[in-house]
Amino acid sequence: MIPFPNIDPDLIQIGPLRIRWYGLMYVLGFLASYFLIQKQKRSRELGLTGQTAQDLIFYLAVGLIVGARLGYIAFYQYTDYMMYLKNPLEIFATWHGGMSFHGGLLGAVAAGYIFSRRRKIPFWPAADSVIVTAPIGLGLGRIGNFINGELWGRTTDVPWAMIFPGAGPLPRHPSQLYQALGEGFLLFLVLWFLRKRGYRDGTMVVLFLCLYGAIRFFLEFFREPDAHLGFFLGYFTMGQLLCVAMILSGAVIAFCLRKNQSPGHP
């Protein structure tokens with residue numbers, strides 16, 4: 001068993017001002033996307049550089065945060081909807097925790113679509129340029145979850161198991177680190193390598209949806225399900241159900257794009 005490092009979730013605290021590791025991970029993820037988007041030839045052809053790239057990142061950041069919060073409420077807190085009806089300001093209380101990746105993805109897609117329409121930039125090639133950078137932020141976010149000691153894994157006796165504060169006395173999988181490696185590092189390497197090959201516009205989006213969905217579906221077997229939701233059908237978590245929806249969405253998008261597009265360029 002490996003001791004949990006117990007890193008202070010607050011990176012800096014000066015009086016009431018606190019900068020948390022988790023928030024810093026969001027900032028670093030968006031910065032990485034900003035620079036990596038501009039390194040791609042296709043992005044430069046679309047004009048996704050300089051101020052335009054900055055504006056795009058702003059749109060995506062707003063869409064992701066709003067979508068992540070609303071997605072958490074819709075997907076993971078639907079049993080407490082009366083509480084939000086009585087206290088609607090709680091919807092905006094992100095500091096109380098509760099963000100959903102799947103909701104954030106929907107919010108970012110909506111924001112990216114609005115941006116592309118306003119700037120008259122083709123949506124699918126722009127989305128391809130953005131989505132290959134997304135795993136960096138995902139991996140950093142999981143590291144933030146680990147530092148916070150949240151979203152821990154299921155109990156286990158593997159040699160690298162840890163006892164997480166607030167998770168009881170039993171050792172558990174450090175599933176946040178599994179996800180950081182799988183959904184972050186590994187997925188980024190695959191998408192970054194494939195981006196240079198010839199493909200139809202939207203293919204990188206499809207690959208992201210399917211590969212992320214498959215990777216997370218597998219890794220969810222090591223993660224403790226949400227206590228108030230438990231398992232669906234006796235085996236599956238809410239995250240896995242949402243990942244199945246992602247994979248199916250990717251398949252539908254691929255079918256539609258194949259009918260309407262000819263092969264593009266790397």
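For segment 143-173, a residue qualifies if it is touching a Leu at 6+ places or on another chain (Cβ under 7 Å) and under 30 Å from S33 (Cβ atoms), and the qualifying residues are N145, F146.
Could you tell me how many of the residues in segment 149-166 are among the small types (G, A, S) and either loosely packed, with under 15 Cβ neighbours inside 10 Å or under 12 Å from M1 (Cα atoms) (or both)?
2
Being in contact with a helix residue (DSSP H, G or I) (Cβ under 7 Å, 6 or more places away or on another chain), surrounded by 18 or more Cβ atoms within 10 Å (Cβ to Cβ) and over 26 Å from I131 (Cβ atoms), is that true of even one residue in segment 176-195? So far as segment 176-195 goes, no, none of its residues is in contact with a helix residue (DSSP H, G or I) (Cβ under 7 Å, 6 or more places away or on another chain), surrounded by 18 or more Cβ atoms within 10 Å (Cβ to Cβ) and over 26 Å from I131 (Cβ atoms). Among the numbered conditions (1) over 30 Å from R172 (Cβ atoms); (2) touching a residue at least 60 places away in the same chain (Cβ under 8 Å), the only one that M246 does not meet is (1). Only one entry in M162, M83 is modelled with pLDDT of 90 or more and over 30 Å from G47 (Cβ atoms), namely M162.
In segment 176-195 there is at least one residue matching the filter, namely being more than 18 Å from the chain's Cα centre (by Cα) and in a loop (DSSP other than H, G, I, E, B). Condition (residue is closer than 30 Å to D8 by Cβ, at pLDDT 95 or above and surrounded by fewer than 16 Cβ atoms within 10 Å (Cβ to Cβ)) applied to segment 128-138: is it met by at least one residue? Checking segment 128-138: not a single residue is closer than 30 Å to D8 by Cβ, at pLDDT 95 or above and surrounded by fewer than 16 Cβ atoms within 10 Å (Cβ to Cβ). Whenever a residue of segment 40-58 is without any contact (Cβ under 8 Å) to a residue 40 or more places away in the chain and within 10 Å of S129 (Cβ to Cβ), its partners that are of a type in the set (V, I, T) and crowded, with 19+ Cβ neighbours inside 10 Å, lying with C-beta atoms within less than 6 angstrom and at least six residues away or across chains, give the pairs A53/I37. Restricted to segment 198-235, and to residues there that are over 19 Å from F255 (Cα atoms) and acidic (D, E), the residue that is surrounded by the fewest Cβ atoms within 10 Å (Cβ to Cβ) is D226.
The values are calculated or read from the model by the stated rules, or taken from the named source; none is laboratory data. If you're wondering where the values come from, they're calculated on a predicted model, not measured in any experiment. So basically every Cβ, Gly included, is an ideal-geometry build from the backbone, and we count neighbours across all protein chains shown.
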